[in-house]
1. Separation between the A:Ala522 and A:His479 pseudo-spin-labels, each 7 Å from Cα along Cα→Cβ, expressed in nm?
2. So, in nm, how far is label A:Val215 from label A:Ala399 when the simple model puts each one 7 Å beyond its Cα toward the Cβ?
3. What three numbers, in Å, describe the spread of the alpha carbons of the stretch A:419-525 along their principal axes, ordered from the longest?
4. Identify, among A:Leu402, A:His460, A:Val495, the residue whose Cα sits farthest towards the positive end of the charge dipole of the stretch A:377-525, taking +1 on the Cβ of Lys and Arg and -1 on the Cβ of Asp and Glu, with the dipole about the Cα centre.
5. How high is the FRET efficiency from A:Glu297 to B:His93, r the C-beta distance, R0 25 Å, rounded to 0.05?
6. Tell me the net charge near A:Phe148. Cut-off is 13 Å between Cβ atoms, A:Phe148 excluded, with +1 for each Lys or Arg and -1 for each Asp or Glu.
7. So what's the net charge close to A:Gly61: Lys and Arg +1, Asp and Glu -1, counting the other residues with Cβ under 15 Å from its Cβ?
8. Using +1 at the C-beta of Lys and Arg and -1 at the C-beta of Asp and Glu, which of A:Leu234, A:Cys19, A:Ser450 has the Cα lying farthest in the positive direction of the dipole of the protein assembly as shown?
Amino acid sequence: VLIDFRELPDGAVLEGDICVVGAGAAGIALARALARQGRDVLLLESGGVEPEAEIQELYAGESLGLDYPMEARRLRLLGGSTNHWQGQSLPLDPIDLEARPWVPYSGWPIPHAELLAHVPAAHDVLGLGPPMYEPGHLAGTDLAPDPFRPDRLRSRYFRIGTPPARLGEKYLGELRRAPGLRLVLHASVTRLGANAAASRVERALLADLSGRRGVARARVFVLACGGLENARILLLSDDVAPHGLANGSGMVGRFFMDHPNIAFADLLVADAEAVTRRYGPIPDGPSQLYHAAWLPETTQRRERLLNVAATIDPHRSTRIKAVQGLRSLYYEVRDGRLPSRLGERLTAMAGDLGGVAAAVRGRIADGAWPSPGELPVFVRVEPTPDPESRVTLGRAVDALGLRRLRLDWRLGRLELRTARAMLHELAVECGRLGIGRLRLRRWLRDDPPSWPTDLEPIGHNIGTTRMAESPAAGVVDRHCRCHEVDNLYIAGSSVFPTAGFTNPTLNLVALALRLADHLGSAVQA
Amino acid sequence: MTRSRRCLVLTFICGIAALSCALPAPGARAEAPLELLFADPGAARRLGRRVLQATPACRTAAAGLARELATAGGSVGSLRAELARRVRSDFAHDRVMLVDGWVLARSEALACAALAL
């Protein structure tokens, strides 16, 4: 059943067995799984089916540390941030869940196998095809990666949905039809109302932008609003607990993590097309494979480094095709030959007019086509968990009268040392194999290096309600239940104690499905 | 990146990846000077100055490399092949230098430095 909160009378009371707050990747995966168990589910979403500027603006906040455009890096509508994600997927590694002495605050309270067990189902949710990340079938083809020495680098592959699944669009019909599930759009949760001991949530207070109010009641509540908003709702829920709900240990909002989204180096290669063919996206069934050069665990342990991989910018592949189309056309026309595959070349060129223009400029200025290529290298370095990298409530309020977030995003020196080590290995292997030469970006050359001022986050909001065995060390327990609040659970990457180098969506969906299994038995009991 | 820098690095890459293409035509001059190794000797010299500035102690090694290559004698092709062999060996044994952000094999960095002596 689909309900628009704006069409309900003021003061409406909604009731369900389980109330899931937020219909993004985690919320939709969880609600679908619960509905399939026959649960009575209330799925609340602040936005609608389409983006709405006034609702999106509720996400604006203030940056204290590294600049973080909170409004732009997440989306507030059905499907959440899957409406703009790139679709790159890879499960976290076993080492990501380990307590590593050299990575402060590392270690998950669950074994890796428990997460991995839910990855195939998460693949189904995201439409990624089989969870296969070791494409042996590429061996012996011209798509096979170069033979890195396995003690130096390993080839890994992300899976990328083609196109990436927009979960709102993909599952709207199913959510409408699912027995026992009510999807309520335009219902923003303004706070959770708890009992006097702040040990149980009794209701979620709802509002829309017109001033309409309402209440949602349930036996169990699950926050699934994303890595920033989960913490915000807990902090806003301060009527009984002055520092916010589930925040007796002051851990809510701490340990915020994201991956830096910036090229760390450039790889100058002799054969840009061949490199892009191998290291850019490779079509494979319903998804694509995307190569990452990974620093092996043995090196991470020996050098006391974070988990890290490097990728070569795939977007150059379009440019190369476009430029090659232009170049071959130029020579064929010059030599008076009839152009072959004209349509294909024109399509490639039309797809990257900027690249074509740059190539023409280069040809005129330098007398040479832009080959060999210079390919940006992105390092995907795991962020160090840092309690001072955190969100708090600011003084400014949004259109619902709720205090906005203030984010102090920090990245540390271990990340830089790890990135340098990663690039050293990549440079050596690329040199040894005759692939090309690597040049560090200017900001990474200094000793010690420092983060550039124009650093951008990728938009992976991780860690603000971390999972830990003890209430002193985290917000939720191994079942994603708040230590201090019996019937409040959290879904999403905000519960990750560490972030790994990979993208969080596949992993948070896997964790949401694990939570659905747990709730299935817990709520029944 | 400037065109000259690109030519320079391409020279290095060609030395390894496309060695057979880089071999000289029959009748190429014997005992080629070091600068014939580079598509753009001016850029190589500039990079060589950077090497010497960053690591003055390289001066002796650069001069030594120049002597060794000179005594090896032969054509541009054989000189290039010898340098390519050393570069491969350097990368295989982690003998690299960071020059102006470039991660270069020690031999190619020293070859540039030798030009700048």
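Every number in this text was worked out from the coordinates using simple rules, so none of it is lab data. From a predicted model like this one, the values you see are computed outputs, not experimental measurements. Note that we place each Cβ from the backbone using ideal geometry, even for glycine, and neighbour counts take in every protein chain shown.
1. So the label points at A:Ala522 and A:His479 sit 0.5 nm apart.
2. Rounded to a tenth, the inter-label distance reads 2.7 nm.
3. The principal-axis extents, from largest down, are 62, 29, 23 Å.
4. A:His460
5. Values: r = 23 Å, r/R0 = 0.93.
After rounding to 0.05, the efficiency reads 0.60.
6. Working: positive: A:Arg149, A:Arg152, A:Arg154, A:Arg156, A:Arg278, A:Arg432; negative: A:Asp146, A:Asp151, A:Glu425, A:Glu429.
Combined, the nearby Lys, Arg, Asp and Glu give +2.
7. Around A:Gly61, the charge tally is +1.
8. Of the candidates, A:Ser450 comes out farthest on the positive side.
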